[in-house]
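What follows is a set of notes on a single structure, which appears directly below.
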Amino acid sequence: MENIILQKSFEFALNIIEYAELLESKRKYVIATQVLKAGTSIGANINEAQSAESRLDFIHKLKIADKEANEVSYWLRLCKFSKTYPNPEGLEDDLLEIKKILSSIISSSKRNQRKKLTH
């Protein structure tokens, strides 16, 4: 069975790399760097969570991925509404889907952790 969050975050990182390269071609270096770092960090943290030492460590790593998703969301919104930046078409929708999946995994993991502690 495929791990959908790993797949989606990897595809998103590839698209972020392309978008960052587009920004660099337009000489928007500072935002390109921010978008690239935060956008690729999401998948890196999700990937790292797969070898977590405990359920709490797993949740923690996914929360870091969610924070990175929030950061890249900010940078993409800036680009979208700035008149001199290329529109990050499609990236915001992909990011929203990743954030929803992350939220669901974090919530169910927390629930399972609580059940484990009460039994």
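The table below lists the values:
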{"item": "Residue count, the range 107-119 (criterion: surrounded by fewer than 12 Cβ atoms within 10 Å (Cβ to Cβ) and in a helix (DSSP H, G or I))", "result": "8"}
{"item": "Which listed residue, of Ser107, Ser82, is under 17 Å from the mean Cα position of the chain (by Cα) and among the polar types (S, T, N, Q)", "result": "Ser107"}
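Every number in this text was worked out from the coordinates using simple rules, so none of it is lab data. Nothing here was measured: the structure is a model prediction, and the numbers come from that model. All Cβ positions, even for glycine, are placed from backbone atoms using ideal geometry, and neighbour counts span all protein chains on display.
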